[in-house]
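The structure appears right after this line, and notes come after that.
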Amino acid sequence: MSDREIGALREKLASRVRSEDYRQRRKDFDTGFSQYGIARDVAVEPVSANGVRAEWTSTPQADREAALLYVHGGGYVIGSLDSHRHLVSEAGRAVQAWALALDYRLAPEHPFPAAVEDAVSGYRYLLSRGIRPGRIAIAGDSAGGGLVVAAMLAIRDAGLEQPACGWCISPWVDMEAIGETMATKEAADPMVQREPLLEMAKLYLGGAGARSPLAAPIYADLTGLAPLLIQVGAAETLLDDAIRLAKVAGAADVRVDLQIWPEMVHVWHIFHPELKAGRRAIEQGGAFVRAMISG
């Protein structure tokens, strides 16, 4: 049976007018999503995570000895604490842990690998607070979903212990946009299209190779990474990104849970105030993380 809520949402998204200027898109993105607001029982605390602007959100049942490190989406060019606060706070609620959202540096002002460096700094900050690696999960959506894997790679290569798991929501892991669904899902996806995606990739890479492993983790050796949950919508142009990431991870003996949600659009979780399927996806992601951080 067709989901009426996602049908209405897709119509609304398709009618949006997007600026071609990334500076204006930053403003529009923050304004649009910050209007959702957060639940009354969510506490917010700004913090500096080893020099990276960040923000704790917590709910009354949150375990202070566990943490969800969250890196937002937006093509590494847009997105902020404001745009994702309503999603991060509910993801933390679902995990039953404190959530630390990172306001990592954005391109083109700070191109690759600045975002990866900031994500690792955030992880080191959690360790410095005495939170054990096995009680930390890293989550993110879209570009943030790719950054989850890149951060886990950088953590491994730095000789640090892996977090309990990674939670990748609609991950973007291909800087060349060569997945088959970039074309086959083009008409179905109101969120992500090939040419704007390639423009963001150019701004982020800043001259680095499009197949640099920390920018496009499908070209990395993922051996030794912690378990991954990958959630993606069936209506996404980035569907192949998720499938290819799962294949590469699985081939490297990484435990992978790949969920393909019928009818869902890119990062449908962020629309959870008006989309029940978004709330269900957050709940299922939280259940996966809880199982991992509980040992």
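The values are calculated or read from the model by the stated rules, or taken from the named source; none is laboratory data. Remember, it's a predicted structure, so these values are computed and weren't measured experimentally. Reconstructed Cβ throughout: ideal geometry from the backbone, glycine too, with neighbour counts over all protein chains shown. Side chains included, ligands, DNA and RNA excluded: accessible areas come from the protein's heavy atoms. Shrake-Rupley method; radii C 1.70, N 1.55, O 1.52, S 1.80 Å.
Observations, loosely collected:
- Verdict on LYS12 being of a type outside the set (Gly, Ala, Ser), modelled with pLDDT of 95 or more and either open to solvent by 30 Å² or more (accessible area, probe 1.4 Å) or on the phi > 0 side of the Ramachandran plot (or both): no
- Residue in the range 238-260 that is among the polar types (S, T, N, Q) and not in a loop (DSSP other than H, G, I, E, B) present: yes
- Hits in the range 148-166 (condition: in contact with a Leu (Cβ under 9 Å, 6 or more places away or on another chain) and in contact (Cβ under 8 Å) with a residue 60 or more places away in the chain): VAL148, VAL149, ALA150, ALA151, MET152, LEU153, ALA154, ARG156, GLN162, PRO163, CYS165, GLY166
- Residues of the range 205-213 include none that is on the phi < 0 side of the Ramachandran plot, in contact with a Gly (Cβ under 9 Å, 6 or more places away or on another chain) and surrounded by 16 or more Cβ atoms within 10 Å (Cβ to Cβ).
- Residues within the range 92-143 that are assigned to a helix (DSSP H, G or I), of a type in the set (Ser, Thr, Tyr) and buried (at least 24 other Cβ atoms within 10 Å of the Cβ), tallied: 1
- Meets criteria (in a loop (DSSP other than H, G, I, E, B) and under 24 Å from GLY278 (Cβ atoms)) for THR223: no
- Subset of the range 145-195 (residues that are surrounded by 15 or more Cβ atoms within 10 Å (Cβ to Cβ), of a type in the set (A, V, I, L, M) and more than 14 Å from GLY122 (Cα to Cα)): VAL149, LEU153, ALA164, ILE169, VAL173, MET175, ALA177, MET182, ALA188, MET191, VAL192
- Selection within the range 184-203 - hydrophobic (A, V, I, L, M, F, W, C) and in contact (Cβ under 8 Å) with a residue 12 or more places away in the chain: ALA188, MET191, VAL192, LEU197, LEU198, MET200, ALA201, LEU203
- Count of the range 19-33 residues which are free of Cβ contacts under 8 Å to residues at least 40 places away in the same chain and open to solvent by 50 Å² or more (accessible area, probe 1.4 Å): 7
- Note on the range 34-81: residues that are small (Gly, Ala, Ser), in a strand (DSSP E or B) and open to solvent by 50 Å² or more (accessible area, probe 1.4 Å) total 2.
- Test for ILE260: is it open to solvent by 10 Å² or more (accessible area, probe 1.4 Å) and under 20 Å from TRP167 (Cα atoms): yes
- Residues in the range 1-45 that are of a type in the set (Asp, Glu) and more than 20 Å from the chain's Cα centre (by Cα): ASP3, GLU5, GLU11, GLU20, ASP21, ASP41, GLU45.
- Of the residues contained in the range 204-216, none is found to be outside any loop (DSSP other than H, G, I, E, B), free of Cβ contacts under 8 Å to residues at least 12 places away in the same chain and either out of contact with any Leu (no Cβ under 9 Å at 6 or more places or on another chain) or within 21 Å of TYR70 (Cα to Cα) (or both).
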